[in-house]
Each structure stands twice: as structure tokens, then as C-alpha cells.
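Since every read-out is calculated from the coordinates, none of them should be taken as a lab result. For clarity, every value in this text was computed on a predicted model and none was experimentally measured. Every residue, glycine among them, receives a Cβ derived from its backbone with ideal geometry; neighbour counts consider all protein chains shown.
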Amino acid sequence: STRASRSASCWSALNVRPMADAVPDSRLVGDRSLRVGVIGAGMAGILAVIKLREAGITDIVCFEKADRVGGTWRENTYPGIGCDVPSHVYSYSFAPNPDFTRMFSPGHEIQAYLERVAVDHGVVPHLRLGDEVVSAIYDRGVWHLETARGHRADFDVVIAASGVLHHPRMPEIDGVDEFEGAMFHSARWDQDVPIDGRRVGVIGTGSTAVQITGALVDRVEHFSLFQRTPQWIMPMDNKLFSDDQRATFRNEPHRLRELRDFLESAFAENFADAVVDAKSERLEQIEDTCRANLYQHVTDPELRRRLEPDYRAACKRLVVSADFYDAIQKPNAELVTAAISRIERRGIRTDTGRLHELDVIVLATGFEVDRFMRPTVITGLDGRTLEEAWADGPTAYLSVSIPEFPNLFMLNGPNGPVGNFSLIQVAELQMDYILQLVRRLQAGLSTEIHATEAAMREHEARRIEAAQATVWVTGCNSWYLDARGVPAAWPWPFRRFREVMAEPDLDAYHH
Ligand code: N01
């Protein structure tokens, strides 16, 4: 093809040896210069562009509907936002950041980090900001993409990096339209709304609400936290890195690497591997730590009773906080456990009949976690849409490939390790895996690659069975559970994920 002939000069110009490690030379039947479309310029999309460039692919367009990169970290600007995965694990392995100021970074540092990586690693020229992909149609080896601004572009490969915790979930509460104050979802924080000295109500007690509580309570006149379900809180020591420590990280990179390795294995052993084994001793230790945290910090037995969950720790995504219990016990803070019956003009009324008068309501009510690339309309082989393929819920082989959607690969796709590992680590391993498939296309060894239906079904069956041993099914409701009550997550330890991602099993693919 013309593209195949174009590629030879492209390779020599770049002085890149394609495929050297992935495919034996004797099987190299020719190089194709691939055009790759990446959807989303958050943490995973930035990574995809960097890794594709490293693989010698330069014809890349990364579509981002917003006007800045950063994904979650661009969108979530609520007071107190931070990451509960240690900063030096929540960063790219190839771009360590000696300048993180804390063990667990505030959101703006992560956003600045992502922006800097995008600049330093040559991502910027590939970005098409403010242009949302509205449809992607596959036809005989080519993905035709169309954007909201009416641009059309064709690609050989599409990488969907559109995020997981992305679409705000609005609560179904009567009277939401009646409130006369300001109201917004936590991921749509309105920076123009004054907060200081006002009466603020937050609905929800997930990681987001807990962070907001700690950050707002001292700023507002009255703080009301509307709790439907109490949360276990893991204490956190968010220590500052001193100037000396940061200088050491900068000047002696191996020290930073050692810290990262240590944190990585500690995180895997102490948390990620524990939650997938409901019987593990480590999980009991997590619960003991959380209970001790509650009992040490909350002395009023009545408040303690209202804050104590009746399900196992880490059944819901574990909340990590250094200041929540202190904050909720401040004189101007109130934990409201009566159920919300409706929102009215002046505030929130609970089923006890009491009206909580408020100036601002924050909906920290979580996300629609089953959307993935949607609402983008994606059409694969034989006109089959993603909406049809996912009629019973989103599935993918190893979270990466969907049968009948060739040459489309996902980062942080359905049923992957969301919440239990660092999503950056997950995306890096997935991207290395995807690149091995992309290299086959590059080398002309395959023209269409997509998982077989059989491989996906078998993987799903094993995943669902394994999920029965996790803590997520021990009697709580959470965003991990899909419509059937099955955890939409990776139910095995981290090392198994690493092993499976090391090399694609081509028997699982049409290729
Ligand atoms: O959302 P959530 P989140 N009436 O879904 C409540 C990551 N994250 O944004 O438990 C009343 O956890 C709901 O109540 P219930 C992290 O992975 C990480 O807080 O369903 N309440 C729940 O309390 C996290 O897990 C970080 O009974 C209603 C809350 O809203 C994920 O994002 C920071 C309601 C939703 O909690 C999502 O966290 C932030 C209603 N109608 C987020 N509807 C860190 O790194 C919902 N709720 C620290």
C-alpha cells in the first residue's frame, strides 16, 4: 500500500529499528507507517502518545475535548483534592518527579506534573485540544473519526484513554432544581462561588467528600456532611519532603528509584493484594487500623456509633485521611445521618422533618463508572456499535480489547484494576502490552487485531469467579459493583496483572 511504501523512508529518517525486540527479523514482512488516534489527554492519553513516539510512530493525533491536558486532575479542583496513592508511585516510571512536596500530593501538583511531562516528552504537537471525538467508525482496516467541531480524520489504530471516574453521577433527589443557592458536583467545582463564611452542605462520604470536609470546615460558617453510609477511614501520615530530601532526589536519582520501589511493593502487599483476598490477615489488620483510628479520634460514643460502618474495611474503596475525624468534630461541623427527603429552596430537608439551611450544596456523589468512551458512538465490524456490544454492561478482554472492534485498544478499560493499584502503573503495563499488538500491525504481520469472543468470555468467567473471593462482595454497596453486583475490577494480585500484561497471548486474538 502507499502507506507501507511511505514507511520505509520514515523509519530510516527516524533511525528507528522497528520491531527489533517483538518480532523475529525473518518474520518482518514490511513496515507500515501507522496513523494512531488517541482519545483523551489525561494521564493515560499522555502516556500513550509518549510510548507510541518511542516506538517510532509519529503520525499521532491526541484528541482532548477540554482545552488542557490532565484529565481527572484538570477536572477536579475541589478544595482538599489530593491523591491517596503515594506521589512517587502515582507518577510515570520514566519521569520521576523529585519535586513532589508531600508523600501524597495535592491535585494541583499532579496537574502541573502531567502538563510538564506532556511538554518535556513531545506530546504537545500531537494534541488537538477542545475537540471531542463524537464518532469512530471502523471500515476495512481504517477508523474514521469525527469530532464535535466537524473535523474528520482516518487512523489505522485508535487508543481510547478516556478515563474511568469521569462522568459525574447526579443524585436522584426530589427538588434538586428548587435550591436557590449554589449547587454543583464535586468534579465541577464552581470557583466563582464564595465559600468562606458561608453555610455549606456536602452530600456523600466517599474519598472526595472526606477530602472536602478536611479542607472546608475551618473556612465556612457551618459545615453539614450528609452521610448515607459511613466509611472506614485509614489514617495517613502525609509528611512533607524537606528541601534536603528533594535535593537528594534530584541529585541522586537512584534514591528516588529506591523510594519508589519500596512504596510500590508496600502498596501492593499491604493493600492491593489484601483486598482481593477477603480472608487475608492483612485485610484484618487494615480493619483493625481503621477501627483504632475511629476509636482514638472520636471519643463521643454517639458520634462514634454513627461513624462506624457495619461492613468490612476496604469493601468500599478505602478512604484515606489525616484530618477527617478532627474536622467533623469541629464545633461548626455537623454529621447528618438522617436520610435526605428533598432539596428545597433554602436547603436540604431530612426525613426527620428538619430543614438544613444552606448557601452552597456540593454533590460529592461519585461517578457513572460504566460509561468509558461513551457517549462517543463507536462502530466496529458489521456496523455493530459499542452500545450494542455493551448492552449487558461493559466488557473487554483483559480490559484492553473488545471483540469485533479491531485495532481499537483501551487504557484503563472495563473491569481492570481500578482503585486497587496505581492507575499510572496499570496504564504503563497495559500500554506496553498494546504496543506489542501495534507492532504486529506496523510490521504487516496482521491487519486486524481484536480479541476473540471466546477469549473474552473465558476471561470474564474466570474473573467473575475470582471476584467472589474479594472483599468487595462482603456486604456493602460501592462503585466497584456492576448492575449484577459483580465487582467491575481486577480480582487478582498485582503480580498476576504484571505477568498477564507482559506478553499478549495471540491465541486470544483474531490477528
Ligand atoms: O465517589 P464515591 P467519590 N444521597 O462513589 C453518596 C477516587 N478518588 O467521588 O455510600 C445521599 O466513592 C454515596 O453514598 P453510599 C477513589 O477511587 C480518589 O468520593 O452509596 N448520598 C457515597 O458516600 C474513589 O473511590 C481520591 O450510600 C449519596 C458518595 O455519595 C472514587 O474516586 C479522591 C447519594 C459517593 O462516593 C470516587 O470517589 C477522590 C444520594 N442520592 C476520589 N448518591 C483520592 O485519591 C450518592 N451518595 C483520595
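For the reader, a short list of remarks on this structure follows.
- For segment 150-238, the Cβ-based charge dipole about the Cα centre amounts to some 200 debye (Lys, Arg positive; Asp, Glu negative; other atoms uncharged).
- Kirkwood Rh in Å, taken over all unlike Cα pairs in segment 111-226: 18.5 Å
- For segment 90-187, the list of GluC sites (Glu not before Pro) that fall in a loop by DSSP and count at most 12 other C-beta atoms within 10 angstrom reads Glu172, Glu178, Glu180.
- Candidate lysines - alpha carbon under 27 Å from Lys65, same-chain residues fewer than 8 apart omitted: Lys51
- Dipole magnitude for segment 19-163: about 120 debye, using +1 per Lys or Arg Cβ and -1 per Asp or Glu Cβ, origin at the Cα centre.
- Least to most buried among Ile173, Ile402, Ile449 (fewest other Cβ within 10 Å first): Ile173, Ile449, Ile402
- Alpha-carbon centroid distance for the pair segment 485-511 / segment 318-340, whole angstrom: 38 Å
- Counting neighbouring beta carbons within 10 Å and listing from fewest to most, the residues Ile195, Ile137 come out as Ile137, Ile195.
- Cross-link reach is defined here as a Cα-Cα straight distance under 29 Å, omitting same-chain residues fewer than 8 places apart; for Lys279 the lysines meeting it are Lys316.
- Summary value for the chain: 20 percent relative contact order, contacts being C-alpha pairs under 8 angstrom separated by 6+ residues.
- Note: the chain, Cα convex hull, 158 Å³ per residue.
- The spacing between segment 357-427 and segment 85-103, judged by their C-alpha centroids, is 26 Å.
- Computed over segment 52-157, the range of Cα coordinates on each principal axis works out to 49, 32, 20 Å, biggest value leading.
- Proxy reagent accessibility, fewest Cβ within 10 Å first, across Phe324, Phe104: Phe104, Phe324
- Dipole axis of the chain (+1 Lys, Arg; -1 Asp, Glu on Cβ), positive-most option in Gln111, Val202, Ala483: Gln111
- Loop trypsin sites (Lys or Arg not before Pro), segment 108-199, which have at most 11 other Cβ atoms in a 10 Å radius of their Cβ (DSSP): Arg140, Arg149
- Diffusion coefficient, µm² s⁻¹, Stokes-Einstein with Kirkwood Rh over alpha-carbon pairs of segment 380-473 at 25 °C and 0.890 mPa s: 171 µm²/s
- Neighbour-limited loop hits for trypsin sites (Lys or Arg not before Pro), segment 383-492 (at most 14 other Cβ within 10 Å; DSSP other than H, G, I, E, B): Arg484
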